Amino acid sequence: MKKIFGLACASLSLLAFSCAKTESDTVKIGGIAPLSGNVAVYGVECKNGIDLAVEEINAAGGINGKKVEFICEDDEGSPDKTVNAFKKLTTKDGVKIIIGSLTSGCTQAITTLSQAGKVLQIAPAATAYSITDAGNYIFRACFIDPFQGTVGGKFAAANLGCKRAGILYDIGNDYSVGLTDNFKAAFTENGGEIVAVESYATGDKDFNAQLTKIKSANPDIVYLPDYYGTVALIAKQLRAQGIDCPIVGADGWDGLTGNAGDEVLNGYYSNHYAADSTEEAVQKFVSSFNEKYGKEPNSFAALGYDAVYMLKDAIEKAGTSDVQKVREAFEATDGNYVTGHLTFDAHRDPVKSAVMLEIVKAADGKIATAYKATVNP
């Protein structure tokens, strides 16, 4: 009996050693993103950026000599499915680092779970202020809505010289509400007047009643803080009503140029980087992305790419993949990335610049973006 017990213990020890060895041979990173559904363009592009970074890092020898293994789950833009993806990654796959999700609602659905399980969570593009409230294991790679709304308000008043703003926003969307509140404050602080504020419900398709009221207020700028699919619908109806003033928005517009026409010209939005930047890091990234995917990367691709390289820097600084030590090193991030120079404040939000992009018609007749201005924190 003792012999059998000893053999069993030896077998268990060998199994444990084998498992530990497998774990130590790779740096395992989980990902959660909407790879299908209404905002799939965000998730697919972000995953493309992450995949490119992982490919580059592994080709260069990995992190501390270990290959990066990236396991990504599709949450379809649904908070419930984000939770399911989190549970799968952390239990079945044994992941202790997660990049995701993309939208604020989906990301918020797992922050408490991440903190409780000491899972390092990096949100590439969730801009709602409360995302990092859950605790010190939650970070993000993007700037936040208060800053982004402020950027839009300052830009409309100072750069465009607008005096009268109309706003049309989604009353049931925290992203849209947060941007609206901060745009209002910044626009008025910079000498502007809010002359009309109208709202709609998530999923609405007809905005003509609200736009009629906005038109009657005679604004010289209309702020549209929503995602590209909804903004494309609003812009068509807005121009059809003869509202030809500038329209301004935020990073949710990324993807608009591929899903709208001339109606979005004279449009501007805050974003995380400009693909036409002359910065060496940006040019290298854009070139590599275009070579791999045959198209120009949007900001979600850049943010996903940066999240991986920020993790690489932190793991190398920690000298280990131990999540607690990596978290400490990640918090001390101070470096230059594709979306700019980045450090973290006490709320674990990035301190970084924002750019304003103008929607233009390119030489080939296609709708595109061009760098317009940089706004510093």
Residue within the stretch 142-163 that is outside any loop (DSSP other than H, G, I, E, B), out of contact with any Gly (no Cβ under 8 Å at 6 or more places or on another chain), surrounded by 22 or more Cβ atoms within 10 Å (Cβ to Cβ) and of a type in the set (V, I, T) present: yes
Total residues in the stretch 14-60, condition farther than 17 Å from P124 by Cα, at pLDDT below 90 and in contact with a helix residue (DSSP H, G or I) (Cβ under 8 Å, 6 or more places away or on another chain): 1
Single condition V231 does not satisfy, out of (1) open to solvent by 40 Å² or more (accessible area, probe 1.4 Å); (2) outside any loop (DSSP other than H, G, I, E, B): (1)
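Please work out if A128 is within 15 Å of G191 (Cβ to Cβ) and surrounded by 18 or more Cβ atoms within 10 Å (Cβ to Cβ). Spell out how you get there, then give the answer.
Working: within 15 Å of G191 (Cβ to Cβ): no; surrounded by 18 or more Cβ atoms within 10 Å (Cβ to Cβ): yes.
Against the criterion (within 15 Å of G191 (Cβ to Cβ) and surrounded by 18 or more Cβ atoms within 10 Å (Cβ to Cβ)), A128 does not qualify.
I want to confirm something. Restricting to the stretch 234-268 and keeping residues that are of a type in the set (G, A, S) and touching a Phe, Trp or Tyr at 6+ places or on another chain (Cβ under 9 Å), which single residue is most open to solvent (accessible area, probe 1.4 Å)? Full working, then the answer.
The initial filter retains those residues of the stretch 234-268 that are of a type in the set (G, A, S), namely 235, 240, 242, 249-250, 252, 255, 258, 260-261, 267.
Add one more test, that the residue is touching a Phe, Trp or Tyr at 6+ places or on another chain (Cβ under 9 Å), and what stays is 249-250, 252, 255, 258, 260, 267.
Values: G249: 0, A250: 0, G252: 2, G255: 15, G258: 67, A260: 25, G267: 0 Å².
Selected residue: G258.
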Conditions (1) farther than 30 Å from T188 by Cα; (2) open to solvent by less than 60 Å² (accessible area, probe 1.4 Å); (3) part of a loop (DSSP other than H, G, I, E, B); (4) not basic (K, R); number of the one not met by I99: (3)
Residue within the stretch 168-191 that is crowded, with 17+ Cβ neighbours inside 10 Å, out of contact with any Ser or Thr (no Cβ under 9 Å at 6 or more places or on another chain), more than 26 Å from V351 (Cβ to Cβ) and small (G, A, S) present: no
Per-region count, the stretch 124-141, residues part of a loop (DSSP other than H, G, I, E, B), under 16 Å from I32 (Cβ atoms) and either of a type outside the set (G, A, S) or touching a His at 6+ places or on another chain (Cβ under 6 Å) (or both): 2
Verdict on G166 being at pLDDT 95 or above and in a loop (DSSP other than H, G, I, E, B): no
Hits in the stretch 54-70 (condition: open to solvent by 30 Å² or more (accessible area, probe 1.4 Å) and within 23 Å of G117 (Cα to Cα)): E69, F70
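Of all residues in the stretch 204-218 being in a loop (DSSP other than H, G, I, E, B) and in contact with an Asp or Glu (Cβ under 9 Å, 6 or more places away or on another chain), which is least open to solvent (accessible area, probe 1.4 Å)? Full working, then the answer.
At the first step, the residues of the stretch 204-218 found to be in a loop (DSSP other than H, G, I, E, B) are 204-207, 217-218.
When the remaining residues are screened for being in contact with an Asp or Glu (Cβ under 9 Å, 6 or more places away or on another chain), the result is 204, 207.
Numbers: D204: 59, F207: 0 Å².
Per the stated criteria, the residue is F207.
The values are calculated or read from the model by the stated rules, or taken from the named source; none is laboratory data. Note that this is a predicted model, so its numbers are computed, not measured. Glycine also receives a Cβ, built like all others from the backbone with ideal geometry; neighbour counts cover every protein chain displayed. Please note that ligands, DNA and RNA were not included when accessible areas were found on the heavy atoms of the full protein model with its side chains. Shrake-Rupley method; radii C 1.70, N 1.55, O 1.52, S 1.80 Å.
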